[in-house]
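The values are calculated or read from the model by the stated rules, or taken from the named source; none is laboratory data. Just so you know, these numbers come straight off a predicted model, no measurement behind them. Because the Cβ atoms are built from the backbone with ideal geometry, glycine has one as well, and the counts that use them run over all protein chains shown.
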Amino acid sequence: MSSHPKYSSKLQNARILIIGGSSGLGFCVAEACLEFGAIVTISSSNEERVAAAVQRLVSGCSSTEARVFGVRVDLGDAETVEEEVRGLLETTRERNGGEMLDHVVFTAGDKLVIGGLGDLTMSKILAAGQIRFFAPLILAKYLPSYLNSSYKSSYTITTGVVAERPIPDWSVIASYAGGHHSMVRNLALDMKPIRVNGVSPGAVRTELWGDDGEEMMRALEEKMTTGRVGEAEDVAESFLACLRDANMSGAVVRTDGGQSLT
C-alpha cells in the first residue's frame with residue numbers, strides 16, 4: 001500500500017475561503033479544513049469576531065503552523081454588496097500569495113425572519129434574502145475569476161431542510177431555502193467545470209437561535225429520529241464531502257437528524 005494517504009490528503013494545501021467562518025457551521029468547517037492541512041481564510045461582517053475566531057482556530061490547531069487568515073466583509077447592503085465581494089476576493093487572493101482559490105464555502109446568515117403572513121412587508125422579505133440568497137448569487141458572478149477552473153474546485157452554499165419540510169410561519173425563509181436548490185443546480189451548469197453543491201441542515205445548535213435557543217432545541221429533539229439536535233461539528237462533515245468528492249456537482253446534501261422524516 002502507498003505511504004501517501006489517498007483520502008486524508010485531499011485538502012492538503014488547498015486554499016479555502018469560508019464566508020461566515022467566524023462562528024457556527026462556518027467556524028467548524030474552517031476547523032476541519034485546517035485539520036486536513038488546508039490554507040483557510042474566514043470572513044464575516046464583524047472585524048473583532050473575525051480576529052477572535054482566527055485566534056481560536058490557531059489555538060485549537062494541533063499543527064504548529066496553522067495557516068489561517070481573517071477578512072472582514074459586509075454583505076448586508078444591496079447597494080455595496082458587489083464592491084464588498086470584489087474586495088473580499090482580491091484581499092483573499094493577496095493573502096494567498098496571488099494564488100487562485102480551490103474551494104469557497106458560504107455559511108453566512110443573519111437573524112431568521114419568522115412570522116405570520118400578516119406581518120410581511122416587502123422590506124422584510126428583501127432583507128431576509130440579502131445575505132442568505134442574493135449575496136451567494138452575486139458571489140457566483142465573480143468566483144470564476146478567483147477559483148481554479150477544475151473539477152477539483154468547488155463552491156458550496158448553505159440552505160435548510162425547511163425547503164423540503166414546511167414549518168408554519170417560515171414562509172419567507174422556506175422560499176429562499178427552496179430557491180437555493182435551484183441555484184445550486186443551475187450554477188453547477190453555469191460555472192462548470194467548477195463543482196457547485198449545497199448543504200441542507202435541519203436544526204443545529206449554533207449562535208443563530210439567540211436567547212430562546214435552548215427551549216427550541218428541546219422541542220425539536222422530539223422531531224429527530226436520532227433523538228438529538230445536531231452539533232455544528234456534525235454538519236461540518238457534510239461540507240467536507242462537498243469539498244472532497246470530485247464527482248459531486250449540482251447536489252444538495254441533507255443533514256437533519258431525520259427531522260424531515262417525522
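Please tell me if VAL54 is in contact with a strand residue (DSSP E or B) (Cβ under 7 Å, 6 or more places away or on another chain), at pLDDT below 95 and farther than 23 Å from MET191 by Cα. Answer is no for this residue.
Within the stretch 36-67, being charged (D, E, K, R) and either part of a loop (DSSP other than H, G, I, E, B) or under 22 Å from ILE131 (Cβ atoms) (or both) holds for GLU47, GLU48, ARG49, GLU65, ARG67. Under the condition of being surrounded by fewer than 20 Cβ atoms within 10 Å (Cβ to Cβ), in contact with a Phe, Trp or Tyr (Cβ under 9 Å, 6 or more places away or on another chain) and either on the phi > 0 side of the Ramachandran plot or not in a helix (DSSP H, G or I) (or both), the residues counted in the stretch 71-92 number 1. Residue count for the stretch 101-129 under the criterion of being within 16 Å of SER171 (Cα to Cα), buried (at least 16 other Cβ atoms within 10 Å of the Cβ) and among the polar types (S, T, N, Q): the result is 0.
Of the residues making up the stretch 12-22, those that are surrounded by 23 or more Cβ atoms within 10 Å (Cβ to Cβ) and either more than 17 Å from VAL85 (Cα to Cα) or in contact with a Gly (Cβ under 9 Å, 6 or more places away or on another chain) (or both) number 6.
Being within 23 Å of ARG244 (Cβ to Cβ), touching a residue at least 60 places away in the same chain (Cβ under 8 Å) and crowded, with 16+ Cβ neighbours inside 10 Å holds for only one residue in ARG165, ARG185, and it is ARG185.
Restricting attention to the stretch 94-110, does a residue exist that is closer than 19 Å to VAL204 by Cβ, outside any loop (DSSP other than H, G, I, E, B) and either in contact with a strand residue (DSSP E or B) (Cβ under 8 Å, 6 or more places away or on another chain) or at pLDDT 95 or above (or both)?
Yes - at least one qualifying residue is present in the stretch 94-110.
Taken over the stretch 1-35, the criterion of being in a loop (DSSP other than H, G, I, E, B), in contact with a strand residue (DSSP E or B) (Cβ under 9 Å, 6 or more places away or on another chain) and either more than 20 Å from GLU47 (Cβ to Cβ) or free of Cβ contacts under 8 Å to residues at least 24 places away in the same chain (or both) is satisfied by LEU11, ASN13, ALA14.
Within the stretch 7-29, being out of contact with any Asp or Glu (no Cβ under 7 Å at 6 or more places or on another chain) and closer than 15 Å to GLY70 by Cβ holds for LEU17, ILE18, ILE19, GLY20, GLY21, SER22, GLY26, PHE27, VAL29. Within the stretch 225-262, being touching a helix residue (DSSP H, G or I) at 6+ places or on another chain (Cβ under 9 Å) and in a helix (DSSP H, G or I) holds for ALA232, GLU233, ASP234, VAL235, ALA236, GLU237, PHE239, LEU240, LEU243, GLN259, SER260. Filtered by the rule that a residue be of a type outside the set (A, V, I, L, M, F, W, C) and at negative phi, the stretch 93-111 gives ARG93, GLU94, ARG95, ASN96, GLU99, ASP102, HIS103, THR107, GLY109, ASP110, LYS111. Put simply, of ALA203, ALA236, ALA174 the only residue that is within 27 Å of HIS103 (Cα to Cα), at pLDDT below 95 and surrounded by 17 or more Cβ atoms within 10 Å (Cβ to Cβ) is ALA203.
Quick grid of which residues meet (1) closer than 30 Å to GLU99 by Cβ; (2) in contact (Cβ under 8 Å) with a residue 12 or more places away in the chain; (3) of a type outside the set (Asp, Glu):
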{"position": "VAL113", "(1), (2), (3)": "no, yes, yes"}
{"position": "GLY116", "(1), (2), (3)": "no, yes, yes"}
{"position": "ASP119", "(1), (2), (3)": "no, no, no"}
{"position": "LYS124", "(1), (2), (3)": "no, yes, yes"}
{"position": "ALA127", "(1), (2), (3)": "no, yes, yes"}
{"position": "PHE133", "(1), (2), (3)": "yes, yes, yes"}
{"position": "LEU137", "(1), (2), (3)": "yes, yes, yes"}
{"position": "SER145", "(1), (2), (3)": "yes, yes, yes"}
{"position": "SER149", "(1), (2), (3)": "yes, yes, yes"}
